[in-house]
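*Asks:* There's a structure below that I have some questions on.
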Amino acid sequence: MFKIKSFIPALLLLAIIILSGCSKDGVTEAEAGTTIPILQKIYQDESNYTEYSYKDGLIVSRIAYSSGSINSSVKMSYNSDGLADTQTVVSYLDDYKIAYRYDSQKKAADAEVITNSNLGYSKTYTLSFSHNSSNLINQFFQYIAGVDTAIYKTILDYDDKGNLVSEKLYGYGSLVKAIAYSYDEKNNPLAEHKKEDIFSISFSPNNVVKKVTVDYSAGTTTTINYSYTYGQSGYPVSRVKSENGASSSVTETYIYKE
């Protein structure tokens, strides 16, 4: 999702959602059958990978390593209904904490966000959510404490499978950034490990094969393509990532818990 400097992302989901250890353990293919595989790492090399941990079948942390150091981390806590309670994020740009609140139908209604920038400032925001007929979050608004008018609005669109296909960010009434996603027909190993679609992109049912970002404020367009290799169970075992048609690419391996 969009960077923290523009608005408070939901992910990351999960993202779209973000433990330690450099050993390449586990298995590289989800076992066939009805068991949902537990994705342990998305692994590029010993210094660059993302690692996940779980509790009661839900993701409780995601830590991304870059050049051997932590680039960003997300830690989750859940309420008694298994819905996201708090989300704590630490990154090289900002640290922030999101506390979610739900309505009587157990849908995310709003959230309070406290941000601490590495530049030394602290801000409090409120996010207000709305849902479509499938109970997926289709809009959220960002408010600054003490101001009644939203400064940012994000519109989310989905396909008939529930995959997030479009994000549009509006700032002060103008379109600031638009992201379009395309998907394969295979299973996303993270999709079953949530109960509320706060983390839209990370938890879409299928795997992203193309992401196009148009940044209207910067006047740039970025295209990222992913190609996957799948195991017998239909879950990814590896993916190749290329950006803007570059001849070089990055290969990542999916490591599942045994």
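*Asks:* Give segment 103-122 a look and list any residue that's over 17 Å from the mean Cα position of the chain (by Cα), over 16 Å from Ala145 (Cβ atoms) and small (Gly, Ala, Ser), or say none.
*Replies:* Across segment 103-122, the qualifying residues are Ser104, Ala109, Gly120.
*Asks:* State whether the residues of segment 215-233 include one that is surrounded by 16 or more Cβ atoms within 10 Å (Cβ to Cβ), polar (S, T, N, Q) and not in a loop (DSSP other than H, G, I, E, B).
*Replies:* yes
*Asks:* Can you pull out every residue in segment 217-253 that is in contact with an Asp or Glu (Cβ under 6 Å, 6 or more places away or on another chain) and aliphatic (A, V, I, L, M)?
*Replies:* Listed by number, the residues that qualify are Ile224, Val237.
*Asks:* Filter segment 159-180 down to residues that are part of a strand (DSSP E or B) and under 15 Å from the mean Cα position of the chain (by Cα) and give me whichever is surrounded by the fewest Cβ atoms within 10 Å (Cβ to Cβ).
*Replies:* Within segment 159-180, the match that is surrounded by the fewest Cβ atoms within 10 Å (Cβ to Cβ) is Ser166.
*Asks:* Among the candidates Tyr96, Tyr100, Tyr125, Tyr52, which residue alone is surrounded by 17 or more Cβ atoms within 10 Å (Cβ to Cβ), over 17 Å from the mean Cα position of the chain (by Cα) and either acidic (Asp, Glu) or on the phi < 0 side of the Ramachandran plot (or both)?
*Replies:* Values: Tyr96 fails: over 17 Å from the mean Cα position of the chain (by Cα); Tyr100 fails: over 17 Å from the mean Cα position of the chain (by Cα); Tyr52 fails: over 17 Å from the mean Cα position of the chain (by Cα).
So the residue among Tyr96, Tyr100, Tyr125, Tyr52 that is surrounded by 17 or more Cβ atoms within 10 Å (Cβ to Cβ), over 17 Å from the mean Cα position of the chain (by Cα) and either acidic (Asp, Glu) or on the phi < 0 side of the Ramachandran plot (or both) is Tyr125.
*Asks:* Okay, moving on. Conditions first: (1) within 27 Å of Lys210 (Cβ to Cβ); (2) over 16 Å from the mean Cα position of the chain (by Cα); (3) of a type in the set (A, V, I, L, M). Ile151 passes all but one, so which condition is the exception?
*Replies:* In the conditions (1) within 27 Å of Lys210 (Cβ to Cβ); (2) over 16 Å from the mean Cα position of the chain (by Cα); (3) of a type in the set (A, V, I, L, M), Ile151 misses (1) alone.
*Asks:* Okay, moving on. Looking at (1) surrounded by 15 or more Cβ atoms within 10 Å (Cβ to Cβ); (2) modelled with pLDDT of 95 or more; (3) in contact with a Lys or Arg (Cβ under 9 Å, 6 or more places away or on another chain), can you tell me which one His131 breaks?
*Replies:* (2)
*Asks:* Here's a follow-up. Any residue in segment 112-128 that is closer than 25 Å to Thr223 by Cβ and either at pLDDT below 90 or outside any strand (DSSP E or B) (or both)?
*Replies:* No - not one qualifying residue is present in segment 112-128.
The values are calculated or read from the model by the stated rules, or taken from the named source; none is laboratory data. Because the structure is predicted, anything quoted here is derived from the model rather than measured. Note that each Cβ is placed from the backbone with ideal geometry, even for glycine, and that neighbours are counted across all protein chains shown.
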